[in-house]
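The next block holds one structure in the form of structure tokens; read it before the comments.
Only the coordinates and a few stated rules stand behind these numbers; no lab work does. Bear in mind the structure is a predicted one, so any value in this text is a computation, not a measurement. All Cβ positions, glycine included, derive from the backbone under ideal geometry; neighbour counts span all protein chains shown.
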Amino acid sequence: MLHRAAQDSMGFMFSAHPAKALRSGTIVRAIPSGVHVSSQIELLGLRGVTDTAVWEYAKAEGYVLVSKDNDFCQRSFQYGAPPKVIWLSVGNAGTSTILHLLRESLMEIEDFVQNPEAALLVLTLQETP
């Protein structure tokens, strides 16, 4: 069943990469309170559709797009919000690394979601010395 994001909260739509974590519920702990973890592209039946279709769906349904795909970052520059975009600039990082990044960025994500002027949040892995 698809869940539309409530008007007083914003849902996240994840690209395919953290799908395993989303299905297992692990990713829920990384998301700020008050934000509805709604779905993932594959679960919405959007696997294989164009970026434009994903963008328009997220816009119409009130999702924040969370993706490693640079195309959504570029669309955010071109069109602004909605939808808001969280771009995971993480290279080939695995799900556990992405979850760690989301947990470490919790306050930043919360501020981003609540800021009506913000359209794009870039989350990057910290380089280790």
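Annotations for the structure displayed:
- Neighbour counts of C-beta atoms inside 10 Å place Lys84, Lys68 in the sequence Lys68, Lys84, starting with the fewest.
- Karplus-derived HN-Hα couplings along segment 114-119 (A = 6.51, B = -1.76, C = 1.60, θ = phi - 60°), whole Hz, x at Gly and Pro: 7, 7, x, 7, 7, 10
- Neighbours of Ala58, meaning other residues whose beta-carbon lies under 11 angstrom from its beta-carbon, give a summed charge of 0 when Lys and Arg score +1 and Asp and Glu score -1.
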